[in-house]
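First the structure, in the form of structure tokens, and then the observations on it.
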Amino acid sequence: MVRRYLPTAEIEILSSPREFFEERGEELDAFVFAAELGAAWTLLHPQYAVVLPKPDVVAIPTAWPVALDDLATARFLGTWFELKRANGMLDRLYDRWVLGRDAVPQRPRWSVLRDVLGWSDANAAGELDEYRPLGGGD
């Protein structure tokens, strides 16, 4: 599949995603593997992003383990997946959690230090070199 999209690329096989993200990412241009796994790694390494080849996005089947003799649960899950696929929920979840689309930055939670005392996040984290007491004392 990689050859179809990148016919002149030099391909190198790595032993694990960790090798790319923590050891060789600076010297390599890309790492090809499942988007779902890539999304998880981008949480740890936000300088990277998941890119899907267009127009041929490879679909990976969804599976849920169920005990062999639990037909009621298997039927319920099958129906639930079909309903969620039909109403677009699975696509929306994939777009948000795997591709990062429509992600809205969260406002920081209310804080006494920041919202009442006016401290910046650097103050609160103890990252400032000097301490300045409230009241403007020198």
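Some observations on this one:
- Total residues in the stretch 94-116, condition free of Cβ contacts under 8 Å to residues at least 12 places away in the same chain and loosely packed, with under 11 Cβ neighbours inside 10 Å: 11
- Take the conditions (1) surrounded by 10 or more Cβ atoms within 10 Å (Cβ to Cβ); (2) aliphatic (A, V, I, L, M); (3) modelled with pLDDT of 65 or more; residue 128 misses just one of them, which is (3).
Rundown of residues vs (1) loosely packed, with under 10 Cβ neighbours inside 10 Å; (2) in contact (Cβ under 8 Å) with a residue 60 or more places away in the chain; (3) of a type in the set (Phe, Trp, Tyr); (4) in contact with a Lys or Arg (Cβ under 8 Å, 6 or more places away or on another chain), yes/no style:
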| position | (1), (2), (3), (4) |
| --- | --- |
| 5 | no, no, yes, no |
| 15 | yes, no, no, no |
| 28 | no, no, no, no |
| 50 | no, no, no, no |
| 73 | no, no, no, no |
| 83 | no, no, no, no |
| 92 | no, no, no, no |
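- Residue 96 being assigned to a helix (DSSP H, G or I), modelled with pLDDT of 85 or more and either of a type in the set (Ser, Thr, Tyr) or under 25 Å from the mean Cα position of the chain (by Cα) (or both): no
- Across the stretch 1-27, the qualifying residues are those that are within 26 Å of residue 94 (Cβ to Cβ) and assigned to a loop (DSSP other than H, G, I, E, B), and the one among them that is modelled with the lowest pLDDT is 1.
- Count of the stretch 30-48 residues which are assigned to a helix (DSSP H, G or I) and in contact (Cβ under 8 Å) with a residue 12 or more places away in the chain: 8
- Unmet requirement for residue 43, which otherwise passes all of (1) surrounded by 11 or more Cβ atoms within 10 Å (Cβ to Cβ); (2) under 12 Å from the mean Cα position of the chain (by Cα); (3) not hydroxyl-bearing (Ser, Thr, Tyr): (1)
The values are calculated or read from the model by the stated rules, or taken from the named source; none is laboratory data. These numbers come from a predicted model, not from an experiment. Backbone-built Cβ (ideal geometry, glycine too); neighbour counts: all protein chains shown.
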